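The structure appears below as structure tokens.
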Amino acid sequence: MQYVLDAVSARWQTALYSLSKSCAKGMVISMISKDVTVNNNVGLHARPATYFIQKANTYKSSIWIECGDRRANAKSLLGVLSLGISKGAQVLIIADGTDEADAIDGLANLILTGFND
């Protein structure tokens, strides 16, 4: 068991070292997010969740959605459904990648228009 923990720890240390070297070379690591309130009658269940993940999958960026203290991959139907997002819930959409701004705007707009996109 200790060997597994040491191996995981070593990998994290290597990843953090690589990240610090990338930052030192001037590489900027950015991630953007936006808070949105879900206003449609059923929240983010079944059909609206399907529309949401289909839209999320049109972007190259990594995208997550948070509700409360839980986070899910916005490109995963099971992940989004597992959050149990209901009407009136405040969600945070997070994106990281080449088209992150477009992804945030597109997904926020989809939610704000009640999935009538």
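Readers should treat all values here as calculations from the given coordinates under stated rules, not as data from a laboratory. The shown structure was predicted, so the numbers you read here are calculated from the model rather than taken from an experiment. Cβ sites come from the backbone with ideal geometry, for glycine too, and all protein chains shown count toward neighbours.
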Q: Set the Förster radius R0 to 25 Å, insert the Cβ-Cβ distance between SER82 and ASN109 as r into 1/(1 + (r/R0)^6), and round the FRET efficiency to 0.05.
A: 0.60
Q. Along region 99-114, what does the Karplus equation 6.51 cos²θ - 1.76 cosθ + 1.60 (θ = phi - 60°) give for ³J(HN,Hα), rounded to whole Hz, x for Gly and Pro?
A. 10, 4, 5, 5, 5, 4, 4, x, 6, 4, 5, 4, 5, 5, 8, x
Q.
Using the Karplus curve 6.51 cos²θ - 1.76 cosθ + 1.60 with θ = phi - 60°, what ³J(HN,Hα) values do you get for each residue of region 33-49, in whole Hz, with x for Gly and Pro?
A. 8, 8, 8, 9, 9, 7, 10, 6, 4, 9, x, 9, 10, 6, 5, x, 5
**Q.** Long-range amide H partners of LYS60 with built H, under 5 Å
**A.** ASP99
**Q.** Radius 11 Å from Cβ of TRP64, net charge of other residues (Lys, Arg +1; Asp, Glu -1)
**A.** +1
